[in-house]
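Scroll down for the structure; my scribbles are underneath it.
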Amino acid sequence: MASTLITVAPTGAETAKADFPALPTTLDELVETAKRCEAAGAAMIHLHIRDGEHRPTLDLGRLTESVAAIRQNTALIVQLSTGGAVTDPYDRRLRVLDAGPDSCSLTMGTVNFGDDVFMNPWPFVTELYQLTQEREVVPEFELFDLGHVAALHRLLDKYGLPYGGRVHCDLVMGVPGGMPGTADALVAAVNALPDAVTSWSATGIGRTALPVALAALSKGGHLRVGMEDTLTLAKGEPVTHNAELVERAAVLATLAQRPPMSPDEAHVQQGSPRGADRAVCRPAGEQPAGAEGQWDEKEVVREYGAAQPEREADERRSRDRVE
Ligand code: KMH
Ligand code: ZN
């Protein structure tokens, strides 16, 4: 029987812990969340991490520690976000791969993001992609708009298949500025995917979560859910734990006759070696040999243009919510 990959995106970079105390932001909370979500049917975790004050960070030591802790406690595919927060500079986003994840997100173009802009210029996309091939990290292509689908054709034509030989995409729908979270938009995007795509999932932001999940299942896709994308189960009913969203996705997938995929199946689907077999886990903060100077921030800024200027913390989390 065919099955459904359920990815949980438990935290994101936009929601403040003070506004949603149920948001997992500490390492203990992330590990507890990962374990409960795995038991509820998740096979992959899309991870953003926070600092000691619960603010988004791309600190390499924390990232490395988080990858190791989730691997130790679950069989989930560990996917690190290379999108980070809209204010994160390109060089730090590239350095995420130094934490040795199984998988990483790779957004296929720039998109308006509420009142902000999520910057992904083509030279950055191609550099990140080639780095995933070099470091043997499986990318998940994040598609926020139909233009990102066109960019994926261009990328695969020019640079070939990802590490592992599989091509997995995630349609991120309903972001204010990106494609809408509707069945029509989903079908248009899926019909335009390159032939090389071997699997795809979809996620709907805010109140588009359910219509997108139902459309994805109807069209043969997989699901991403979690508090990064959705903070309510229904109007006036806040999510109290990410596992509630995974449980709901598992029920929908089972009703659709495609029950949740196990992490072992998911590793095969994604072309990713088992986490424990990977030799990439480095001690926190250690640079890979030869990487010194490779990540010169000025060079990266000159090449791609400056990332958005630093803003006040509140403004930084201003991505419009549609609940
Ligand atoms: N936080 C968004 C600016 C990703 O994880 O790769 C970017 C994002 C996509 O969430
Ligand atoms: Zn993310």
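General observations
- Of all residues in segment 35-63, those satisfying the criterion of being of a type outside the set (A, V, I, L, M, F, W, C) and outside any helix (DSSP H, G or I) are 41, 46, 48, 50, 51, 52, 53, 54, 55, 56, 57, 59.
- Qualifying residue in segment 52-59 (condition: within 12 Å of ligand 1 (Cβ to nearest atom) and buried (at least 22 other Cβ atoms within 10 Å of the Cβ)): yes
- Test: residue in segment 68-83 that is within 16 Å of ligand 2 (Cβ to nearest atom) and surrounded by fewer than 20 Cβ atoms within 10 Å (Cβ to Cβ): no
- Of all the criteria given as (1) buried (at least 20 other Cβ atoms within 10 Å of the Cβ); (2) outside any loop (DSSP other than H, G, I, E, B); (3) touching a Phe, Trp or Tyr at 6+ places or on another chain (Cβ under 9 Å), the one not satisfied by residue 123 is (1).
- Answer residue from segment 1-34, given it is part of a loop (DSSP other than H, G, I, E, B) and polar (S, T, N, Q) and is nearest to residue 273 (Cα to Cα) among those: 3
- Contacts under 9 angstrom Cβ, first residue in segment 219-239 being within 19 Å of residue 34 (Cα to Cα), partner within 16 Å of ligand 1 (Cβ to nearest atom) and of a type in the set (Phe, Trp, Tyr), 6 or more apart: 222/200; 227/20; 231/20; 239/20
- Scanning segment 1-38 for residues that are of a type in the set (Val, Ile, Thr), away from ligand 1 (no atom under 16 Å from the Cβ) and buried (at least 22 other Cβ atoms within 10 Å of the Cβ) yields 4, 6, 33.
- Residues that are over 15 Å from residue 177 (Cα atoms), free of Cβ contacts under 8 Å to residues at least 60 places away in the same chain and within 12 Å of ligand 1 (Cβ to nearest atom), drawn from segment 119-143: 125, 128, 139, 141
- Sub-7 Å Cβ pairs linking a first residue in segment 85-105 that is closer than 27 Å to residue 115 by Cβ to a second residue that is assigned to a loop (DSSP other than H, G, I, E, B) and among the polar types (S, T, N, Q), at least 6 apart or interchain, are 86/308; 87/308; 93/82; 96/82; 104/82; 105/81; 105/82, ordered by first then second residue.
- Scanning segment 77-118 for residues that are in a helix (DSSP H, G or I) and more than 10 Å from ligand 1 (Cβ to nearest atom) yields 90, 91, 92, 94, 95, 97, 98, 99.
- Residue 2 being within 15 Å of ligand 2 (Cβ to nearest atom) and touching a residue at least 40 places away in the same chain (Cβ under 8 Å): no
- Any chance residue 49 is of a type in the set (Val, Ile, Thr), under 30 Å from residue 221 (Cα atoms), at pLDDT 95 or above and within 15 Å of ligand 2 (Cβ to nearest atom): yes
- Looking only at segment 99-150, and only at residues there that are closer than 14 Å to residue 168 by Cα and among the polar types (S, T, N, Q), the one that is farthest from the chain's Cα centre (by Cα): 132
The values are calculated or read from the model by the stated rules, or taken from the named source; none is laboratory data. Keep in mind the model is a prediction, meaning the values are calculated, not measured. So basically every Cβ, Gly included, is an ideal-geometry build from the backbone, and we count neighbours across all protein chains shown.
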